[in-house]
Structures are given as structure tokens and as C-alpha cells.
Amino acid sequence: MVGKHAVSSRTLLVCALVSVLGVTGAGCGSSKSKATTAASGSPIKVGYLASLTGFCAAFSQDYVKGAQQAVKTINAEGGVMGHPLQLLVRDDKAEPNVGVSQARDLVLSEHVGFLAGTCTSAVGKSVARLVANPSHVLYTVGVADPTVFTGGGYVFATIPTAEVEGANAAAYVRAHPQWKTVAVISEDYSYGFEVTAAFRKGMKGSSQKIVSQEYVPSGASSYASYISKLVAEKPDVTYSTVIAEDTITFVKQAFPLGLFKATQLFGILDYGTIDPMPKPPVGALGYTYYPSASIYHTALSEKLDPLGTEVANSGAAGDGFNQIEMIAQGIEKAHSTEPPAVRAALDGATVQMVQGSEKIHSCNNLTAVPIAMGPVVAATKELPFAHFSPIELVDTNKYFTC
Amino acid sequence: MSLATFLDQLFAGLGLGFILFFSAAGLNLVWGVLGVMNFAAGAVYMLGAFMATTVIAHVGASTLGWLLALVLVPVLAAAGGALAEVVLLRRTYREHDENQQFMLTLVLSYLIAGGVVLVYGPGFRTVSLPGALSGSWQLFGATLPVYTAVVIVLGVLVTAAIWGLLYGTRAGLLTRAAVDDRTMLSMLGVDVNLLYTGVFAFGIGLGALGGVIDAPNGAVTTNLETAALVPAFIVVVTGGLGNMTGALIAAVAIGVIESFVTLRSPTLAPLTPYAVMIVVLLARGLAGRSLLPDRARAAT
């Protein structure tokens, strides 16, 4: 994944280095100069938080590329109500205090009315608090913590929350009664705890037995002892929410230890992680709620194509793209650039996303985007990277009670 | 617990322990001999892992590529370490200015981390193991990955090599003498500056070697810096600052204990290194020994 797009990411790399060296990121933000601005009005500024350093830095370049691509295509088509979008990218370092500080600066110094981005619930939650009244800044973000989002608020989600993810995983396991014993392996931070809690809740009343629960340290260099434990337990299925680059470490170490012979692996396997694996876990049952372009055949998924197969399918790029699209469509629907009007227009609306037409639920501002599921297969001539086939798209509306 | 399960956890623990040892070895040597707490050790480890991905990407994921990375990366890192020692650290020894050493190695870590991001980007990289090292052996029903066995053997060899260098060569003799009395050694006509540069470079090379060895285990990310540095400090403090044998024992003990704790209580397993360190420090305190051993004694 890394290294094939060095030219287009040069600015980001320099900004990341500047950030690492502790210098504030003046001049490290705007993609305006790259946009072909058919629009002629004054620019609508959108602050974009990306974890260019720190946890999930590995994927944040793709988030930014997706957001930049959305801005580029929107501006090329005349902008939003005649105004071009201007993206101001800031490094939140995946730290809540840095994220809040950057968001505050974007609002106070750059006078942005719209914010998007970040990849961690911790940053998302802190920024969500900041954009609550009285600042009236609208924020679109793809994080899994359900407490970030409240109906009537100014924060809108572009991916399902951990509650939806866990409930869907439980429904999938329950639909396979031949799996009598289930092991669960999760990350040892809020995402892992929440998705596991939702999974266990969904499994209540099932005759299928959860025989073990492991929370693995995020970013560890060895998961061998956890894998050996699973191999010894031989559960019929292992539900894994080990995520991001930890998935790569987990799968790499699982092969020689014989995990895939001892149990059926089922869990989150984003295209952005299975693609760079030297040996993808062919036969594992995966799912992703990130919009990898090749999964969907929509007008917006095609707009990711210029990013190249690898980035367009990373999922992160699609999510960054969706966050900007949601803001742009909200402005169009509201016929206003005022965040309160845009918030009202998005409330319960249906928006076009990479995945298709998706409904925003009024009670919690969550967008019911589908979850793509399927067995992992090796790269093919048509799709030159590991992917799911056949793919089942799960309608997540059924997990909303409002 | 069946024999197979016992052995599975033992192998996993040994693998983890030796990886921990590799993350700590360079830090430990530099502390033991030079008295420099090298805060760039994690960054060097990360750099070694990233450099390994470059070498393997160019030569191929073959045994040759991996062996080349194993030799070339530590040598290049050691050369960089020598330069950093001459330019940054040399002047601080005479003044015994540990604050300056701390700040300089911290700056060094920022420079390395920034350089890695600049060259490789903030994303991750992966490397494949050569086919010959990617399989596993079955022993009494347990599974021993070939690469875990290789890591264990390398760990033993590296410890033996360091021990041999320190106790079997004139350079080792002089190094140990320098720990005791640098001034006296200098008066006897020994080029202590060169000796110190050599030791620092060797320590940096050792740290980079750890990164090379760890690279095929998982994703190579910038997070490796912190992931390596914190456990390395725990191992060094637990094993006795500067004590290489102690570090090896501490690393292996932490790895094996953590592995068996995983079996019984996976939630508590990540706390194992901290628990072992606290127990060892308390035991030292109760025995009336200094919590941080004397450097001169530790290095011998």
C-alpha cells in the first residue's frame, strides 16, 4: 500500500515530518491549488482532521486522498451552490487534545463552519464535544463509538457504529448453527470493548457457546500466545475484531501456528489490510463497513477510480470521500452554508454515498451504510488484490430501532 | 494442561521473550558501558525494521534477501550511530551531563522518526519471510514456527557474541576497564574516544538488528518506536541496567510468563511485564540492594 503514490503524497509527508518535529503546520493544509475550480464564488472552508502521525497513521493518507478527491470532483462540477470547497488538512496525531486544539484553531482562525475526519473514536468524541453548542460547526466523521453521535446534534456518522457492527456479527454467527463454539478476539481499547459487548448482547439466548474472550494489546509485535491459546481451544469459529495493521501482524503469525486449520476465522478484514498482506487469509470470512470502490458500482464509487486501484479500494479513501460528500450535499439540500441549516437538512435525509443512496437516521445521526461480507479470495485478473467473493451486502437499517 | 498446549505457550513465550531481548540489547549495552540512556533506541529499532523492508523489497523475499538485511542494516545503522556519537554525544561524557545526553538522544529519536516518515511515509510496510523460514515444525503435538526457532537461536548467538566480545577480546577488556576508570585508561594511551564510539555504534547496530528480526513478524509501522522502547526499558530495568545476561533472563522470563498468563487470563497478560518489573524491584529493595545497580558492576 505504501510507496506507490509517493509523488501525490509528498506534501502530506512533509507535513507529517513537520508535525513530528513539533512545528505547527502552517501551509500544510490546503488542497485548493490542486482543485480545478469551475466554481467561482468564495470558497467554503472544510477543516479536515487526519491522524497523519500516531495510531492509524498508516491509513490516514488514504482518508485525506479520498477527501481531496471529493473536493476535486465537486469543484470540477461547479462546486457547491457555485462556491468551491477548500480543504484544510490538519494532523490530529490520533490524540484527543491535539485534535481539539486543531479543530478549535480551524474554527477560530480559519473560520470553518464544517469539520470532517479523524480515525479514532477518542479524537472524534472530543471534537464532537467541541462542536456542540454554541459554536454550531457541523462535523462528519467515520468512527465507531456510538456515544459520539446524538440525534439533533451536529455530528454525523459515515460508518456504522460498533453496536451495529457487533449486532451484525452476532446475527451472522447465529445464522450458522453448525458453529457450536465461538471464541472472540478483540482490541484492548474502546472500539474492541464496544463491538464485543454488542456481539455478546446479540448472542444472548443462543445455544452457541462463547468459549473464550481475548483482548489483545493494540500495536503489539507478537500475538503468538493468544493465537496458540485459540489453537488449543479449537473453537468452531473465532470472531476477530483485531483491526488495522494489527490484522496483518495477527494473520502473519496465525499461519505458521496453524490457526486457520484449527478454527474458522470470521471478522473485520478491511481491503486496506488484506491487500498488503504477503499471504492473505484465503477462506477466512471477512466483512468491512468501509466503502472500498470495487465492492460498489455507483456514480460516486467511480469517482474514486482516479486514485488508483489500491487507494480507491483501501476503504479509508472512500470514507474520507463520503465525509466531504455529506457536507456538500447537506449544503445543497439546505441552500445555505450555515451549519444549523445544513444540520436540519441532513436530519433524516437520504444522501448519495460511495455505497449508494443511504438514509441518515434522525434519532442518532447515523447513516445506515451497508456492511460488505464474504469469504476472502486471492487476487484475480479482474481484481488484482485479495478481496471478498461472493459479496453479500447487509442492509444495516434493521439494526436501527428508531 | 496438555503437553502440546504447554509447549505451544512455551514456544510463543520464548519467541516473545527473544524479540523483547532484541529490542533491549542495544539500549542495555550502551547504558552498561557508556552510561548513556539512549532514548533513540526505539527509533533505531523502527528504522532497522523499515530498512529491512527496503533491502528485502530490492533483493526479494528470499533467504539471501533476509540474510543480507540481517547483515547490511545493522552495519549501516552502526555507521550512523558512530557519526551521531562523534557529533552529538562525545562532548557530554567528560561533563557527565546526563540531562544533555537525555535531550540529545531524544532529539536523535525525533530526527530518525521524522526521517522514516519522510522516506517511507506514515503508512505501514510488510515483508514476507523466505519460504524456508515460513513453515512450522510439529513437536509432541505442539507447533513451533521455524521463524520463532530462528529468533531463539539468533538471540542465544547474539548474547554469546556480546559475552565473547566483552570477555574474550582485548577490545572487550578495554571496554570493561573504561567502565571502571575512563581517565586511567586514557592515561595509559588507549584511545577511549574511539572505544566509546565503537561501543555506541555496536549498540545502535544491535538495536537495528532487533528491528530487522522483528520486521517479518507483522506490520512495520512508525508505532514500532514506542512499541519497542517501553518494553525495552522494562527489560533493562528488570534485568539490571547494563547487565546483558540479566536482560536476556528478564526478557525470556517476561515473555514466557506473559504467554502462560494469556492462557489463564488473557486480559491481564499485557500487564505481565510491569508486574514482573515491580516484583523484581521490590525483591531487590527488600534484599537491601540498590534498585538501579551500579553500572560498573552491572557491565561485568
Residue list for segment A:185-211, filter: touching a strand residue (DSSP E or B) at 6+ places or on another chain (Cβ under 6 Å), in a strand (DSSP E or B) and either crowded, with 18+ Cβ neighbours inside 10 Å or not assigned by TED's automatic domain parsing to the domain that holds A:Lys252 (or both): A:Ile185, A:Ser186
Test: residue in segment A:97-111 that is more than 29 Å from B:Ala113 (Cβ to Cβ), modelled with pLDDT of 85 or more, more than 14 Å from chain B (Cβ to nearest Cβ) and crowded, with 18+ Cβ neighbours inside 10 Å: yes
Residue check for A:Ala386: farther than 15 Å from A:Tyr296 by Cβ, buried (at least 19 other Cβ atoms within 10 Å of the Cβ) and in contact with a helix residue (DSSP H, G or I) (Cβ under 7 Å, 6 or more places away or on another chain): yes
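Looking at A:Ala157, A:Ala170 in this structure, which one is under 21 Å from the mean Cα position of the chain (by Cα), closer than 18 Å to A:Tyr287 by Cβ, more than 14 Å from every other protein chain (Cβ to nearest Cβ) and surrounded by fewer than 23 Cβ atoms within 10 Å (Cβ to Cβ)? Working first, answer last.
Working: A:Ala157 fails: surrounded by fewer than 23 Cβ atoms within 10 Å (Cβ to Cβ).
Unique residue meeting the criteria: A:Ala170.
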Residues that are in contact with a His (Cβ under 7 Å, 6 or more places away or on another chain) and either part of a strand (DSSP E or B) or surrounded by fewer than 17 Cβ atoms within 10 Å (Cβ to Cβ) (or both), drawn from segment A:334-345: A:Pro340
Residue among B:Gly211, B:Gly242, B:Gly203 that alone is within 13 Å of the chain's Cα centre (by Cα) and at positive phi: B:Gly242
Residues of segment B:210-267 that turn out to be assigned to a helix (DSSP H, G or I), in contact (Cβ under 8 Å) with a residue 12 or more places away in the chain and not aliphatic (A, V, I, L, M), as a count: 18
Residue under evaluation A:Val182, criteria (1) away from chain B (no Cβ under 14 Å); (2) not in a strand (DSSP E or B), criterion not met: (2)
Members of segment A:301-346 found to be of a type in the set (Gly, Ala, Ser) and more than 20 Å from A:Gly82 (Cα to Cα), listed by number: A:Ser301, A:Gly308, A:Ala312, A:Ser314, A:Gly315, A:Ala316, A:Ala317, A:Gly318, A:Gly320, A:Ala344
Boolean, A:Gly152 is closer than 25 Å to A:Val242 by Cα, modelled with pLDDT under 95 and not hydrophobic (A, V, I, L, M, F, W, C): no
Residues that are over 13 Å from A:Thr158 (Cβ atoms), touching a Pro at 6+ places or on another chain (Cβ under 9 Å) and of a type in the set (A, V, I, L, M), drawn from segment A:349-391: A:Ile371, A:Ala372, A:Val376, A:Val377, A:Ala378, A:Ala379, A:Ala386
Qualifying residues in segment B:96-139 (those that are away from every other protein chain (no Cβ under 13 Å) and assigned to a loop (DSSP other than H, G, I, E, B)) - the one surrounded by the fewest Cβ atoms within 10 Å (Cβ to Cβ): B:His96
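Taking into account only those residues within segment B:3-17 that are facing another protein chain (nearest Cβ under 7 Å) and either touching a Cys at 6+ places or on another chain (Cβ under 9 Å) or among the aliphatic types (A, V, I, L, M) (or both), which is surrounded by the most Cβ atoms within 10 Å (Cβ to Cβ)?
B:Ala12
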Among residues of segment B:10-40, those that are over 17 Å from A:Ala220 (Cα atoms) and not aromatic (Phe, Trp, Tyr), counted: 15
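Suppose we filter A:Gln86, A:Gln68 for residues that are over 17 Å from the mean Cα position of the chain (by Cα) and either within 14 Å of another protein chain (Cβ to nearest Cβ) or at pLDDT 95 or above (or both); which single one remains?
Among A:Gln86, A:Gln68, only A:Gln86 is over 17 Å from the mean Cα position of the chain (by Cα) and either within 14 Å of another protein chain (Cβ to nearest Cβ) or at pLDDT 95 or above (or both).
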Top-ranked residue of segment A:250-301 - restricted to ones that are in contact (Cβ under 8 Å) with a residue 60 or more places away in the chain and assigned to a strand (DSSP E or B), ranked as nearest to B:Ser136 (Cα to Cα): A:Gln264
When residues of segment B:116-148 are limited to those that are of a type in the set (Gly, Ala, Ser) and closer than 23 Å to B:Met51 by Cα, the one modelled with the lowest pLDDT: B:Gly123
Flag if A:Gln253 is within 14 Å of chain B (Cβ to nearest Cβ) and buried (at least 23 other Cβ atoms within 10 Å of the Cβ): yes
Unique match (being crowded, with 22+ Cβ neighbours inside 10 Å, more than 12 Å from chain B (Cβ to nearest Cβ) and either of a type in the set (Ser, Thr, Tyr) or under 25 Å from the mean Cα position of the chain (by Cα) (or both)) among A:Leu269, A:Leu285: A:Leu269
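Would you confirm, using the coordinates I've provided, whether A:Ala349 is modelled with pLDDT of 90 or more, more than 24 Å from A:Lys65 (Cβ to Cβ) and small (Gly, Ala, Ser)?
Against the criterion (modelled with pLDDT of 90 or more, more than 24 Å from A:Lys65 (Cβ to Cβ) and small (Gly, Ala, Ser)), A:Ala349 qualifies.
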Pair list, Cβ under 8 Å, 6 or more apart: segment A:218-237 residue under 22 Å from B:Phe22 (Cα atoms) and more than 7 Å from chain B (Cβ to nearest Cβ), other residue at pLDDT 90 or above and in a loop (DSSP other than H, G, I, E, B): A:Tyr223/A:Val242
Index of the failed condition, A:Thr147 passing every other in (1) touching a residue at least 24 places away in the same chain (Cβ under 8 Å); (2) surrounded by fewer than 21 Cβ atoms within 10 Å (Cβ to Cβ); (3) assigned to a helix (DSSP H, G or I): (1)
Helices (runs of 4 or more DSSP H) enclosed by segment B:1-88 - at least 3 residues per element that are modelled with pLDDT of 95 or more and at negative phi: B:41-59, B:63-84
Residue list for segment B:227-262, filter: surrounded by fewer than 22 Cβ atoms within 10 Å (Cβ to Cβ) and either within 30 Å of A:Glu233 (Cα to Cα) or basic (Lys, Arg) (or both): B:Ile249, B:Val252, B:Ala253, B:Val256, B:Ile257, B:Phe260, B:Val261
Options A:Gln323, A:Gln329: the member that is in a helix (DSSP H, G or I) and either out of contact with any strand residue (DSSP E or B) (no Cβ under 9 Å at 6 or more places or on another chain) or free of Cβ contacts under 8 Å to residues at least 24 places away in the same chain (or both): A:Gln329
Selected residue [more than 22 Å from B:Thr272 (Cβ to Cβ) and not hydrophobic (A, V, I, L, M, F, W, C)] from B:Ser2, B:Ser23: B:Ser2
Lone unmet requirement of (1) assigned to a helix (DSSP H, G or I); (2) at pLDDT below 50; (3) within 20 Å of A:Leu130 (Cβ to Cβ) for A:Val14: (3)
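The values are calculated or read from the model by the stated rules, or taken from the named source; none is laboratory data. The model shown is predicted, which means the values in this text are computed figures rather than measured ones. Don't worry about glycine lacking a Cβ; one is built from the backbone with ideal geometry, like all the others, and counts go over all protein chains shown.
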